[in-house]
Amino acid sequence: MNTTFDFTIHELIDNDCLTTVLQPLISMNRKGLIGFEALIRATNPRTGENISPVTLFSMCKDISTLAKLDRACRKKAFETFAPISKNDRSLLLSVNIDAAIINEETFNYGLTLKMAKECSIPTGNIILEIIESKAGCEIALTAFVKKSRKHGFLIALDDVGTGHSNLDRIPSLKPDIIKIDRSLITDINKKFHNMEVTRSLINLAERTGCLPLAEGVETVEEALTLMSMGIDVFQGFFFSRPAPATLAVNPDMTPVSFLASRFKTHVLEKLNHKKIMEKSYRRMADKLREALMDGIPANADSALSAFITENTNIECAYILDTNGIQISGTICNPFKLKESRRLIYQPAPIGADHSLKEYYLTIKTGNKWHTTAPYISLASGNNCVTVSNKMYDTPKSPILCIDIST
């Protein structure tokens, strides 16, 4: 639906109808505030009603108008943050720059530096936040990042993990911060795939010298999961909503204290749960090992099949020789197999080589048994762990492997 306005972007800017609100950036390690993201708000000059940011930017029909609005938002953010920065030089300000305006014709490479100097804000306290997927000119974007970093600004890539972000820009632009998008964060405690993608982004950030920041955190469960994965800096409604500067500078730290306390309990609960599961895995493996004692390899398949029938949380089971070669069939729980994915995921046959797998190599180093981290089973396509243990206490003992649903 097309909306017609009786005012223009130029009128909003000229009549000072733009205001900045600040949303706190919280460090759990420091248990406190480390800075803010500046977010723009606007009011209708005729009625005084609020104009949403989405509506505001949709009013820009050409790149020059968008550039003018982008600069006005940045200037307003610096003016709002200036007294806060003067009082506390440790705080950071993150400002958004629309990457669509970064090109040789429209972008003034010295304007942001000039704004910062006029407001007496050290450039090292300013994060320039870029949604790189909107960039229209790769050369201009690279030049902008290089010059900004030379002036001392910090660089953040926003919306990392969305369908439009280009991960190859992380090593090429070398940002100081990557903001993991809320599309991955929402209900991450319930979504295995989101969890693993986020874990990969965190690992990428750490290996390339970036700080991963989780945005859009709204629940304690999301925050606990992200803390468990190594996230320290957070932004979202769980901690604080965007607010005028006078309120944002003294945010309620109750959520931080609660989360810190809850995280300790969460870790202890996870460790205790892990111990309980490890014991149940060991009991299960011991029972199956006893059932197989007299029948290797002749009756192994039937013994595995009978055991899986009685233990429905087992995905599949199989036996390896001392070299990691499979000497039994992969006996699967038929109710765990997904027919629609059979061309991708196939149970390994007798003779399959598992010698490079973690669950084999760990046993070969001298461990009697091992449980992997959760992963997607190549046999079923489901999320599982593999429990492996030696059949006998001898150097040449076969290795029993059980894939268990998580």
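Summary of computed values
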item: Only listed residue being open to solvent by 10 Å² or more (accessible area, probe 1.4 Å) and under 34 Å from the mean Cα position of the chain (by Cα), chosen from T20, T8; result: T20
item: Considering residues of the stretch 134-153 that are open to solvent by less than 40 Å² (accessible area, probe 1.4 Å) and in a helix (DSSP H, G or I) only, the residue modelled with the lowest pLDDT; result: A140
item: All positions within the stretch 162-175 that are at pLDDT 85 or above and not in a loop (DSSP other than H, G, I, E, B); result: L173
item: Pair list, Cβ under 9 Å, 6 or more apart: the stretch 322-335 residue farther than 9 Å from D301 by Cβ, other residue open to solvent by less than 50 Å² (accessible area, probe 1.4 Å) and of a type in the set (D, E); result: I327/D321; T330/D403; C332/E315; C332/D403; N333/E315
item: Matching residues in the stretch 112-133 - criterion: being part of a loop (DSSP other than H, G, I, E, B), surrounded by fewer than 18 Cβ atoms within 10 Å (Cβ to Cβ) and either on the phi > 0 side of the Ramachandran plot or at pLDDT below 95 (or both); result: S120
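The values are calculated or read from the model by the stated rules, or taken from the named source; none is laboratory data. Not measured: the values here are computed from a predicted model. Quick reminder, even Gly has a Cβ in these numbers, built from the backbone with ideal geometry, and neighbours come from all protein chains shown. These area figures cover heavy atoms from the full protein model, side chains too; ligands, DNA and RNA do not enter into them. Shrake-Rupley method; radii C 1.70, N 1.55, O 1.52, S 1.80 Å.
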